[in-house]
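K.L.:
A single structure is presented below for examination.
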């Protein structure tokens, strides 16, 4: 039987959140700006949904194959066949969560969760247009529920459920997706100029320090919170006194459209955060006796588009200065929400600054 979750009072969750200084990442800061209540539910109340969308997994896989290929098998499992359709995939993942949170149950096959599947489909209003056959006494006649289950209890869904069970904490992808990701990674590797930027596989470690998927965090002066992030690729070139910060992006659009995505998704804010984190990290590596003022700091967005075209977009000093100024204003807004504990409306609406 399914056990009930222990409900923790919201007030206790809020106090637990505020008892430990929070570090804003690009994604959490973006969520706070767009929908403070979503931020509140996600980070304060810890009501999170697992990110299993295919686009998320593909981007994550490309990063891993390019920057940390040796960790791929620990993070992913590749199925031999195709994954179910989007709707069926959602249902199977929901049933996997039921299985995972109720390990005391002896049932392990997808068909054993038929009642849960039907309940999920009702709540999601999916396949509810399927009705009973007019004459259920006829051979082969089916009820609406039987038709609904037939949509889910398929070979691809059985296989996917089985792979989820054996995956542990790994993400599951089909062979076609894996091949597509590998093709994109090879397109990056074939570009010599980009590989030089990333310095992947460079053995001159005495004068060149390369960090991939580097988690960093820092305190912010005069703020009750800090910043954090995972920088895709950070290169410290001691010989030439140069720091290279490289952020790898995959997009379903073309290279020509990346500039609009930069503003729409606020990638500029991510770059501004990463610059702060990188400077603090490198300065600590150098020690107080050396100043970063003598160093050249470069930031690139390395973008792989839908056609496997790849380009390293350099960020000018003028753009970065502008982004830093804009980040400062965003931190001011974050301070309001965080200190006032007001997550009902976005900053401008909360202060009544929006007029038509």
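Read the figures in this text as sums done on the coordinates, not as results from a lab. The structure presented is a predicted model; accordingly, all values stated were derived computationally and were not measured. Virtual Cβ from ideal backbone geometry, glycine too; neighbours counted across all protein chains shown.
K.L.:
Residue separation times 0.36 nm, minus the C-alpha to C-alpha distance between residue 240 and residue 307: what's the value?
P.N.:
Answer, rounded to one decimal: 20.6 nm.
K.L.:
Turning to a different aspect of this structure: Sequence gap at least 6, Cα distance under 8 Å: using those rules, report the relative contact order of the chain to the nearest whole percent.
P.N.:
Relative contact order, the chain: 20 percent.
K.L.:
For segment 149-201 and segment 257-286, what is the separation of their C-alpha centers, rounded to whole Å?
P.N.:
Each part reduced to its Cα centre gives a spacing of 27 Å.
K.L.:
Same structure, new question: Once Rh for segment 168-309 is found with the Kirkwood sum over Cα pairs, what is the Stokes-Einstein diffusion coefficient at 25 °C and 0.890 mPa s, in µm²/s?
P.N.:
144 µm²/s
K.L.:
Where does each of 160, 264 land when they are ranked from fewest to most other beta-carbon atoms within 10 angstrom?
P.N.:
Ranked by crowding around the Cβ, least crowded first: 264, 160.
K.L.:
Between helix 54-67 and the chain, what is the angle of the helix's C-alpha long axis to the longest principal axis, kept within 0 to 90° and rounded to the nearest 10?
P.N.:
40 degrees
K.L.:
Still on this structure: Angle, helix 267-286 long axis vs. longest principal axis of the chain, Cα atoms, 0 to 90°, nearest 10?
P.N.:
50 degrees
K.L.:
Follow-up. In degrees, nearest 10, range 0 to 90: what is the angle between the Cα axis of helix 10-19 and the longest Cα principal axis of the chain?
P.N.:
20 degrees
K.L.:
Taking the radius of gyration and the Kirkwood hydrodynamic radius from Cα positions alone, what is the Rg/Rh ratio for segment 227-343, to two decimal places?
P.N.:
1.02
K.L.:
Using the 10 angstrom Cβ neighbour count as an exposure proxy, how do 307, 267 rank, fewest first?
P.N.:
Exposure proxy ranking, most exposed first: 307, 267.
K.L.:
What is the order of 336, 26, fewest Cβ neighbours within 10 Å to most?
P.N.:
By the 10 Å Cβ count, ascending, the order reads 336, 26.
K.L.:
Next question, about the same structure. Hey, quick one: spin label on residue 82, modelled 7 Å out along Cα-Cβ, who in segment 160-179 has an amide N within reach, i.e. under 11 Å?
P.N.:
176
K.L.:
On a full-extension model of 0.36 nm per residue, what is the gain between residue 283 and residue 254, subtracting their alpha-carbon distance, rounded to one decimal in nm?
P.N.:
6.8 nm
K.L.:
At 7 Å along the Cα-to-beta-carbon direction for both residue 326 and residue 90, put a label point, then send me their distance in nm to one decimal.
P.N.:
3.2 nm
K.L.:
For segment 275-356, just run the numbers: alpha carbon Rg, then divide by 2.2 N^0.38 Å, N being how many residues it has.
P.N.:
The value comes to 1.58.
K.L.:
For segment 50-182, state the semi-axes of the equivalent ellipsoid (square roots of 5 times the eigenvalues of the alpha-carbon gyration tensor), sorted largest first and rounded to whole angstrom.
P.N.:
Equivalent ellipsoid of segment 50-182: 33, 16, 12 Å, largest first.
K.L.:
Roughly speaking, what is the stretch gain from residue 71 to residue 37, that is 0.36 nm per residue apart minus the C-alpha to C-alpha distance, in nm to one decimal?
P.N.:
So the extension gain works out to 8.7 nm.
K.L.:
Right, something else. Given the C-alpha atoms of the chain, compute the convex hull and give its volume per residue in Å³.
P.N.:
Per-residue hull volume (Cα only) is 212 Å³.
K.L.:
Under the rule of -39500 (n - 2.57) per DSSP H run of 4 or more residues, summed and divided by the residues of the chain, what mean residue ellipticity at 222 nm is obtained, to the nearest 500 deg cm²/dmol?
P.N.:
Calculated mean residue ellipticity at 222 nm is -14000 deg cm²/dmol.
K.L.:
Please report the relative contact order for segment 192-350, taking Cα pairs under 8 Å with a sequence separation of at least 6, and give it as a percent rounded to a whole number.
P.N.:
21 percent
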